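These notes are about the structure you will find just below.
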């Protein structure tokens, strides 16, 4: 057996080293500039390399370093994700070679040129992404092509099918597995954390897997993480669902449609969220999670993702077409998206709203309560034993009786309660009304950006707490909302941003939120 410390007689081999850097869903390798293999093979920084030994193989993006404290000329460093994926111990000798360029990039270039792609092309692209053959730059090219050229309905179907077929799939061995999803764009719209325990308390199976935020101040997974562990392995998720008939987990750790999470890691910093990619992302995750019946929430409003009823109806048809082709029973609810739902925007503040509703607190936000009951009621009517029109009443009774709260507490315990006691950020700024009048518009997008600048969702306690909603009367100097932050720099960014446009329009003022074709 070859001595692991002796790589001189092993051409093209270097000793493996774990480099403690989180590269967030991208395999990255580190090679010293003075490495003999680096010079002999003509590697270049940011090129793709193949790392292998004894049948194990991964692809990684190469970074070249000059500091021997990171790697020596005889070592190959791997980022945390790449090291775990390769699954070999440190100091093992590995072979390094040029990676073959992904052939499917030809299809991406064709899409950039405006061509329509078929199932085989999408399967090839998604497979290459799943096998880490794409760098983040190449994934960005695919996302730009998706947004620039757009997808027709069949292309959305092909992408959805390719995405859920390249990951694990859950089988619950039941004929009725329900779920719900909102397309996003409305801050504070944390209905899933209420719908799930209500529906599970009714006895229906609802394994809720959610994404983290892409362009919003919080996703369901970010908010649920305030209360419980959301990073469940497939085995943990199965156990929780078997016990509680539900879970509220992040889909990433369950390897459900993993390409979706890889693309989201690129979408997030670019703030890209194209319609075709969004539909494929949602439906691929739901199919992979074993859902048979799905309710989609499409909010419509001047500053929502969908700004007209015409767009909403088109999107509904697209969801229904793809769902039908994949054998998924799907219904769509078009809801009011003119303003944020609830009072909190940001993980801690949204979690507080949810728990107030579950506790039947008189101070709980009524709009969040009512919308959650309507959605839960519609899902309960998927139950063949429930007559149409009875779902809302059943959902309301479950909430008011305390059964929903009890179920939520059981889910939290089963997933593992969070060891941290998160609180709103310690830095607080109040935004006040410049004049007296009625609130005529609230800009969802602007308030979401303020919350993100304050540090949400990375800082759980950061965000915005709304004190005034649409059509309410305010006096000059009255507090409209509070900004919470944990770090001074984030706090300054959020306060400065809110000073240019608060996100509120009062009667008699110009309405930036309602301007024609106002861009996000």
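The values are calculated or read from the model by the stated rules, or taken from the named source; none is laboratory data. What you see is a predicted model; the values in this text were computed from it and never measured. Quick reminder, even Gly has a Cβ in these numbers, built from the backbone with ideal geometry, and neighbours come from all protein chains shown.
Some observations on this one:
- Flag for residue 73 being crowded, with 17+ Cβ neighbours inside 10 Å and part of a loop (DSSP other than H, G, I, E, B): no
- Yes/no for residue 268 being surrounded by fewer than 20 Cβ atoms within 10 Å (Cβ to Cβ), assigned to a helix (DSSP H, G or I) and in contact with a strand residue (DSSP E or B) (Cβ under 6 Å, 6 or more places away or on another chain): no
- Sole residue being out of contact with any strand residue (DSSP E or B) (no Cβ under 8 Å at 6 or more places or on another chain), assigned by TED's automatic domain parsing to the domain that holds residue 397, surrounded by 23 or more Cβ atoms within 10 Å (Cβ to Cβ) and part of a loop (DSSP other than H, G, I, E, B), chosen from 226, 230: 226
- Leading residue by the ranking (surrounded by the most Cβ atoms within 10 Å (Cβ to Cβ)) among those in region 376-392 that are within 25 Å of residue 343 (Cβ to Cβ) and out of contact with any strand residue (DSSP E or B) (no Cβ under 8 Å at 6 or more places or on another chain): 376
- Criterion (surrounded by 24 or more Cβ atoms within 10 Å (Cβ to Cβ), in a helix (DSSP H, G or I) and in contact with a strand residue (DSSP E or B) (Cβ under 8 Å, 6 or more places away or on another chain)) met by exactly one of 279, 259, 241: 241
- Verdict on residue 267 being at pLDDT below 95 and out of contact with any helix residue (DSSP H, G or I) (no Cβ under 8 Å at 6 or more places or on another chain): no
- Residue identified as within 16 Å of residue 356 (Cα to Cα) and touching a helix residue (DSSP H, G or I) at 6+ places or on another chain (Cβ under 9 Å) among 400, 406: 406
Results for (1) surrounded by 14 or more Cβ atoms within 10 Å (Cβ to Cβ); (2) in contact (Cβ under 8 Å) with a residue 12 or more places away in the chain, shown as yes or no for each residue.
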position: 356; (1), (2): yes, no
position: 368; (1), (2): yes, yes
position: 374; (1), (2): yes, yes
position: 394; (1), (2): yes, yes
position: 400; (1), (2): no, yes
position: 419; (1), (2): no, no
position: 425; (1), (2): yes, yes
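A quick yes/no check of all residues on (1) modelled with pLDDT of 95 or more; (2) assigned by TED's automatic domain parsing to the domain that holds residue 62; (3) within 30 Å of residue 54 (Cβ to Cβ); (4) part of a helix (DSSP H, G or I):
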| position | (1), (2), (3), (4) |
| --- | --- |
| 90 | yes, yes, yes, no |
| 117 | yes, no, no, no |
| 121 | yes, no, no, yes |
| 126 | yes, no, yes, yes |
| 132 | no, no, yes, no |
| 144 | no, no, no, yes |
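- Single condition residue 158 does not satisfy, out of (1) surrounded by fewer than 22 Cβ atoms within 10 Å (Cβ to Cβ); (2) outside the structural domain of residue 317 (by TED's automatic domain parsing); (3) without any contact (Cβ under 8 Å) to a residue 60 or more places away in the chain: (1)
- Residues that are more than 21 Å from the chain's Cα centre (by Cα) and either assigned by TED's automatic domain parsing to the domain that holds residue 197 or modelled with pLDDT of 95 or more (or both) do occur in region 277-292, at least one of them.
- The one condition in (1) assigned to a loop (DSSP other than H, G, I, E, B); (2) touching a strand residue (DSSP E or B) at 6+ places or on another chain (Cβ under 9 Å); (3) at pLDDT below 95 that residue 24 fails to fulfil: (2)
- Whenever a residue of region 14-27 is closer than 13 Å to residue 269 by Cβ, its partners that are assigned to a strand (DSSP E or B), lying with C-beta atoms within less than 8 angstrom and at least six residues away or across chains, give the pairs 26/61.
Residue-by-condition table, conditions (1) outside the structural domain of residue 332 (by TED's automatic domain parsing); (2) within 14 Å of the chain's Cα centre (by Cα); (3) in contact (Cβ under 8 Å) with a residue 24 or more places away in the chain:
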{"residue": "170", "(1), (2), (3)": "yes, no, yes"}
{"residue": "183", "(1), (2), (3)": "no, yes, yes"}
{"residue": "200", "(1), (2), (3)": "no, no, yes"}
{"residue": "211", "(1), (2), (3)": "no, yes, yes"}
{"residue": "219", "(1), (2), (3)": "no, yes, yes"}
{"residue": "235", "(1), (2), (3)": "no, no, no"}
{"residue": "240", "(1), (2), (3)": "no, no, yes"}
